[in-house]
Amino acid sequence: MDGAYLVFQLYGPLASWGEIAVGEIRHSAMRPSKSAVMGLLAAGLGLRRDRQTELNNLYENFWVSSKVLAPGFFLEDYHTAEVAGEVRKVVHLTRKSELTRQPAHQLKTQLSRREYRCDALWLAAVHAREKDVGPGLEALQQALICPVFHLYLGRKSCPLALPLMPVIVKARGVKSAFDQYQRQRMEREKHLYKLLTRDYPCQYYWEHDDAELTPDQTLHRFDHPGDRLRWQFRERFEKLKVGESL
């Protein structure tokens, strides 16, 4: 029996899909994280981070899948930022306050190395766990077309370079949903898709039981949103299948 999938494309000159960050290195995965995809949907719906109940309903009621069409190439940015030194009983409400309420010699420099994927192309899909639970796919589709908040690819410095073009697809499984959507986009953006993919063997990632795909490998990621205010994430198992380019 066919199911309904909301499929959309993710492309930009820069993207960063955050992994576990300890210390000064901010790693990026090669494919979107569940927290990033859910964050796009939450931003489109206008859900702020303090609306925890509504966010949890969104996270728990939908499966997330992705297809890597072009992984792009790796870029690392050496990042420096001035921060205020620790002063007891002083709370900075703005960036201006942080930099001006202390003498310049008391400011410190925070160093970090941040990873990005450049010129990469992905497809993402959202599939409801149960019918009539949480916002419908039509509402999510409209939220991506006319978002309440700004949408970006992992970081605010990574804007979209193409419209998301969300489409609700009826398919037997996630592979058919992605392939059907990809054929539609290639009819309209054939040269761009051919230029980016360059016969790269695609990769399918999904987290639910699928009628079509048999995994080559099962991975685990800490990207299931837990408490957004505390930036806490739970473990999630993700299945991988390497396929052929269309």
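Compactness of region 167-246 was expressed as the Cα radius of gyration divided by 2.2 N^0.38 Å, which yields 1.34.
The helix-only estimate of mean residue ellipticity at 222 nm for the chain, built from DSSP H runs of length n ≥ 4 each weighted as -39500 (n - 2.57), is -7000 deg cm²/dmol after division by the residue total. Under a 10 Å cutoff between Cα atoms, tell me which one of LYS175, LYS89, LYS108 has the largest fluctuation in the Gaussian network model of the chain. Taking springs between Cα atoms under 10 Å, the residue moving most is LYS89.
Taking the Cα centre of the chain as origin and assigning +1 to Lys and Arg Cβ atoms and -1 to Asp and Glu Cβ atoms, the resulting dipole is close to 740 debye.
Quick one: of LYS108/LYS156; LYS67/LYS108; LYS67/LYS96; LYS156/LYS194, which pairs are farther than 32 Å apart, Cα to Cα? Beyond 32 Å: LYS67/LYS108; LYS67/LYS96. Inverting the pair-averaged 1/r between distinct Cα atoms of region 80-136 gives 16.2 Å as its Kirkwood hydrodynamic radius. Here the chain is treated as a sphere whose radius is the Kirkwood value from Cα pairs; by Stokes-Einstein at 4 °C and 1.567 mPa s it diffuses with a coefficient of 67 µm²/s. Once C-alpha pairs closer than 8 Å and six or more residues apart are averaged by separation and normalised to the residue number of the chain, the relative contact order reads 31 percent. In terms of packing, defined here as the mean over residues of other Cβ atoms within 10 angstrom, the peptides 147-160, 26-39, 211-224 line up highest first as 26-39, 147-160, 211-224. Every pair of different Cα atoms in region 122-229 enters the Kirkwood calculation, which places the hydrodynamic radius at 16.5 Å. Positive contributions from Lys and Arg (+1) and negative ones from Asp and Glu (-1), summed over other residues with Cβ under 14 Å from the Cβ of GLU187, come out at +3.
Near PRO71, within a Cβ-to-Cβ distance under 12 Å, what is the net charge of the other residues, with Lys and Arg +1 and Asp and Glu -1? Computed value for this residue: +3.
If one puts a single equal scatterer on every Cα of region 50-108 and applies the Debye formula without solvent, what log₁₀ I(q)/I(0) results at q = 0.17 Å⁻¹? The computed values of log10 I(q)/I(0) come out as -0.78. The modelled label-to-label distance for the pair ARG183/ASN57, using points 7 Å beyond Cα in the direction of Cβ, is 3.7 nm. Taking K and R as +1 and D and E as -1, what net charge do the other residues with C-beta under 13 Å from the C-beta of PHE149 add up to? The answer is +4.
Using only Cα coordinates, the Kirkwood hydrodynamic radius of region 7-91 works out to 16.0 Å.
Extending 7 Å from Cα along the Cβ direction at LEU192 and again at LEU162 yields two label points whose distance is 0.5 nm.
Where a number appears in this text, it was derived from the coordinates with a stated rule and is not lab data. Quick caveat, the model's predicted, so the values are computed rather than measured. Positions of Cβ are generated from backbone atoms using ideal geometry, with glycine treated the same way; all protein chains shown enter the neighbour counts.
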